[in-house]
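**Q** This structure is in structure tokens; I'll ask about it shortly.
The values are calculated or read from the model by the stated rules, or taken from the named source; none is laboratory data. These numbers come from a predicted model, not from an experiment. Quick reminder, even Gly has a Cβ in these numbers, built from the backbone with ideal geometry, and neighbours come from all protein chains shown. To get the accessible areas, we keep the full protein, side chains included, count just its heavy atoms, and leave off ligands, DNA and RNA. Shrake-Rupley method; radii C 1.70, N 1.55, O 1.52, S 1.80 Å.
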There are 2 protein chains.
Amino acid sequence: MATTIKTIAKITGVSHSTVSRALRGSPLVADVTAERIRIAAEQLDYLPSAAARSLKTKRTHVLGVILSGIADPFFSEVLNGIEGAAHAAGYSLFIGSSNHDADKEARIVQTMLEQRIDGGIICSTPVSIERWRQFPTDRFPIVVINNQAADHYNFSIYHDDIDGSRQLARHLIELGHRKIAYLGNSHSGKTTLDRLSGLQEEMEFQGLSVAPDQIHHAPGGSLQMGAEGMNYFLNLPHPPTAVMCFNDLLAIGALKACRQAGVRVPDEISVTGFDNIAFSEFSVPPLTTLDQPKYEIGRQAAQLLLSLLSEESGLHSHTQGVKVLKGRLLVRATTAKPRKKETL
Amino acid sequence: MATTIKTIAKITGVSHSTVSRALRGSPLVADVTAERIRIAAEQLDYLPSAAARSLKTKRTHVLGVILSGIADPFFSEVLNGIEGAAHAAGYSLFIGSSNHDADKEARIVQTMLEQRIDGGIICSTPVSIERWRQFPTDRFPIVVINNQAADHYNFSIYHDDIDGSRQLARHLIELGHRKIAYLGNSHSGKTTLDRLSGLQEEMEFQGLSVAPDQIHHAPGGSLQMGAEGMNYFLNLPHPPTAVMCFNDLLAIGALKACRQAGVRVPDEISVTGFDNIAFSEFSVPPLTTLDQPKYEIGRQAAQLLLSLLSEESGLHSHTQGVKVLKGRLLVRATTAKPRKKETL
DNA sequence: ATAGTCATTGCACACGTGTGCAAAGGAAAA
DNA sequence: TTTTCCTTTGCACACGTGTGCAATGACTAT
């Protein structure tokens with residue numbers, strides 16, 4: 001049995017109320033008494049019970065984070081950003097990986113609500129707002145990173161995927177590419193569509209277009225999927241001269257497929273990624289990609305949530321609801337001018 | 001304010017005790033009453049308060065997991081294994097990344113103890129047993145994965161690193177290598193020493209040895225460190241013909257350093273990794289490594305902990321304390337016979 | 001009809017912490 | 001000396017859930 005304030009009370013010869021106040025730093029306790037209590041607490045290795053405290057204060061100082069999984073380095077970086085901001089403010093994280101499984105997601109949300117988390121961050125996974133119905137959303141702040149659900153959430157952090165995708169497309173077009181394909185990830189709702197839109201917008205802006213057979217959606221965003229997806233393009237009667245991939249993992253997988261097929265990158269085909277994960281600098285050739293401010297995205301999401309929490313118990317100085325961050329093009333070595341005969 | 005059992009009690013016209021019993025499935029409630037209560041609970045979106053429940057039952061159904069970070073895919077796989085087993089048994093995880101920071105680690109442990117986690121898993125990071133002194137260890141089960149601390153913990157899951165390392169060394173020796181170097185990770189206490197020992201044991205077993213200047217410890221286990229570490233070996237007056245790396249990340253980083261230095265792998269130098277992370281199949285060339293049963297390690301650690309928990313509140317059928325798992329050699333394309341002139 | 005058995009329910013307390021309120025005591029002011 | 005004020009402390013209740021025990025009522029056995 002752990003030591004409680006009652007134990008300390010008995011030993012120091014005061015009431016448990018006084019102990020509680022002393023340890024919380026209340027001014028309603030004589031200095032000498034407080035010091036005596038603190039010493040006793042230290043000596044007894046006292047640690048307050050979070051359960052009892054939150055039961056009384058209605059605050060758990062825990063934030064829930066839902067994401068599809070941590071296998072993708074992109075998410076672990078975002079998570080780092082969230083963790084950094086939360087930790088600095090004295091909050092802990094309760095993390096749930098849904099793995100694209102609706103049942104599991106439901107259980108995660110339920111557990112989080114039972115734990116009475118102070119707020120939630122939904123990271124790039126489509127969680128229906130209906131799941132949170134147990135608690136009125138205005139009393140239970142939720143911040144969404146790259147909202148994938150159809151529902152509208154009041155507070156969110158977006159990465160400007162359309163802009164990022166246009167930067168990549170512009171780079172390819174400037175190199176002389178005219179036949180640019182897109183390898184998407186069907187597991188990722190809105191994000192993959194935005195990135196496709198960015199390509200299409202930039203193409204149309206330059207008077208070009210993306211042929212329907214140059215769009216392929218892989219059933220996931222992993223290395224393996226990237227290899228398989230690239231093979232689809234390579235086997236086309238008229239393969240593209242460049243392939244824009246949904247993310248770096250797909251792109252690195254695609255590079256392997258090219259190598260196995262004997263297609264040289266970037267001489268015969270250009271490939272781009274998205275995210276700029278640590279590995280992309282170490283691929284062969286090093287990957288041209290869009291550097292997303294991953295840590296910053298996570299950090300800002302957490303800070304937005306934290307400011308909502310401090311508002312909640314005070315003035316309602318309406319916080320900015322939606323924040324959009326932009327990434328920047330990072331040209332490495334998987335993009336080059338298309339071979340002459342392929343140039344339109 | 002969320003609905004509580006008292007709300008339900010008022011509405012259904014019974015006492016809160018009856019509601020509590022009905023929802024917990026106690027046989028002490030008439031079927032009709034129980035059904036009526038269940039319906040009301042459903043309708044009111046009732047979710048029990050984990051804080052109140054655990055305050056009374058002394059069980060939180062939460063397991064703490066401490067690891068150095070989730071950036072390394074090895075850990076995210078182990079974490080998956082832990083999560084799988086815990087989730088199946090109705091337990092949630094409270095995850096803390098220490099990032100090799102002692103202060104942060106202290107805060108993590110403190111928070112976990114305040115949360116009154118039912119048990120803990122320490123994953124490949126040196127956490128002193130002293131940190132848990134607040135609770136007698138026999139009442140507070142802890143399982144350690146690849147113990148890095150000097151302290152002895154009663155329950156642990158080990159990967160047989162010495163065996164794995166010997167497998168890799170044997171493979172290289174059989175190929176004809178005599179001058180094999182080791183690139184370690186000084187942030188990882190016991191593990192890196194074990195892997196070095198494995199190499200040394202196998203070398204001595206074959207009547208060979210590892211020269212002191214052929215041992216280098218990188219200050220971390222990242223891609224970047226791998227590249228820097230490999231440069232050390234390449235700049236040696238007499239470079240090794242093969243380098244065994246602490247893990248796959250270092251190895252992949254090393255591959256890049258070789259490429260930049262114009263040293264061909266595996267023709268001029270062989271490189272091996274450790275772990276078999278997803279990326280290692282996609283490196284250039286694909287990495288020869290030791291396939292560690294990552295998911296299984298995590299799963300078994302969680303199961304060991306869970307069995308300790310069920311013991312705790314019942315019979316003491318002493319559970320097996322230490323479990324050792326072995327990995328298997330995975331030969332890909334970064335290892336080959338040394339060049340003739342280099343052969344001793 | 002009476003006693004005994006059993007199913008069902010409510011009362012009351014406990015878990016560990018926080019806090020409004022009153023009480024006690026001492027010091028300062030009148 | 002009496003009054004007032006302030007400091008310090010304890011009492012008692014609350015948070016939401018679980019459970020031992022007693023009370024109630026119905027049914028069965030004698």
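**Q** How far is it, in nm, from the label point at A:Ala211 to the one at A:Asp101 when both lie 7 Å from their Cα along the line to the Cβ?
**A** 4.2
**Q** Right, next: Compute the Rg/Rh shape ratio of region B:5-48: radius of gyration over Kirkwood radius, all on alpha-carbon atoms.
**A** We get a ratio of 0.90 for region B:5-48.
**Q** Can you pull the three principal axis extents for the Cα set of region B:187-257, in Å, largest first?
**A** Principal extents (largest minus smallest coordinate, Cα): 34, 30, 16 Å.
**Q** Any chance you could tell me what percent of the C-alpha pair distances in region B:53-166 go past 16 Å? Mind showing how you got there, number by number?
**A** Details: 3902 of 6441 pairs.
Value for region B:53-166: 61 percent of Cα pairs lie more than 16 Å apart.
**Q** Hey, another quick one. Kindly provide the Kirkwood hydrodynamic radius of the protein assembly as shown in Å, to one decimal, from all pairs of distinct alpha carbon atoms.
**A** 27.8
**Q** On a 0 to 90° scale, report how tilted helix A:102-114 is relative to the longest principal axis of chain A, with both axes built from alpha carbons and the result rounded to the nearest 10.
**A** So the inclination is approximately 20 degrees.
**Q** Here's another thing I want to ask about it. Sorted from largest down, what three extents in whole angstroms do the Cα atoms of region B:227-276 have along their principal axes?
**A** 30, 20, 17
**Q** Express as a percent, rounded to the nearest 5, the fraction of DSSP beta bridges in the protein assembly as shown (both residues included) that run antiparallel. Write down the numbers at each step before the final one.
**A** Values: 6 of 76 bridges.
Taking every DSSP beta bridge with both residues in the protein assembly as shown, the antiparallel ones total about 10 percent.
**Q** Sort B:Arg24, A:Arg339 by heavy-atom solvent-accessible area, probe 1.4 angstrom, most to least.
**A** B:Arg24, A:Arg339
**Q** Between B:Ser197 and B:Ser310, how many nm apart are label points set 7 Å from Cα along the C-beta direction?
**A** Those two pseudo-labels are separated by 3.4 nm.
**Q** While we're here: Taking the convex hull of the Cα atoms, report for region B:1-111 its projected area averaged over all directions, in nm².
**A** Its Cα hull, projected and averaged over all orientations, spans 9.4 nm².
**Q** Note the per residue figure in Å³ for the convex hull of the C-alpha positions in region B:101-247. Each step should come with its number before you reach the end.
**A** Working: hull volume 17.6 nm³, N = 147.
Convex hull of Cα atoms, per residue: 119 Å³.
**Q** How far, in degrees from 0 to 90, does helix A:294-312 lean away from the longest principal axis of the Cα atoms of chain A, to the nearest 10?
**A** 40
**Q** Give the calculated FRET efficiency between A:Leu236 and B:Asp160 to the nearest 0.05, with a Förster radius of 60 Å applied to their Cβ-Cβ distance.
**A** Calculated transfer efficiency: 0.80.
**Q** Nearest 5 is fine: what % of DSSP beta bridges in chain B come out antiparallel, could you say? Show your work: numbers first, answer last.
**A** Numbers: 3 of 38 bridges.
If I count the DSSP bridges inside chain B, around 10 percent turn out antiparallel.
**Q** Just to be sure I understand the curve: with the Debye formula and one point per C-alpha of region A:38-89, what is log10 I(q)/I(0) at q = 0.19, 0.23, 0.28 Å⁻¹?
**A** Per q value, in the given order, log10 I(q)/I(0) is -0.81, -0.91, -1.03.
**Q** Helix A:73-88 versus the longest principal axis of chain A: what angle, 0 to 90°, nearest 10, using Cα atoms?
**A** Relative to chain A, helix A:73-88 is tipped by roughly 30 degrees.
**Q** I've got another one for you. Mind checking which lysines have their C-alpha under 29 Å from A:Lys190, skipping anything on the same chain fewer than 8 residues away?
**A** Result set, ordered by chain and number: A:Lys104, A:Lys179, A:Lys256, A:Lys294, A:Lys323, A:Lys326.
**Q** With labels modelled as points extended 7 Å from the Cα through the Cβ direction, what inter-label distance (nm, one decimal) is found for A:Lys337 paired with A:Glu204?
**A** 3.1
**Q** Related question: Given only helices, namely DSSP H runs of n ≥ 4 each adding -39500 (n - 2.57), what is the per-residue ellipticity at 222 nm of chain B, to the nearest 500 deg cm²/dmol?
**A** So the calculated ellipticity at 222 nm is -13500 deg cm²/dmol.
**Q** Largest first and to the nearest Å, give the Cα extent of chain A along each principal axis.
**A** Result for chain A: principal-axis Cα extents of 92, 36, 34 Å.
**Q** On to the next question. Suppose R0 equals 45 Å; then what is the FRET efficiency for B:Val32 and A:Arg264 from their Cβ-Cβ distance, rounded to the nearest 0.05? The partial results should precede the final answer.
**A** Numbers: r = 76 Å, r/R0 = 1.68.
The computed FRET efficiency comes out at 0.05.
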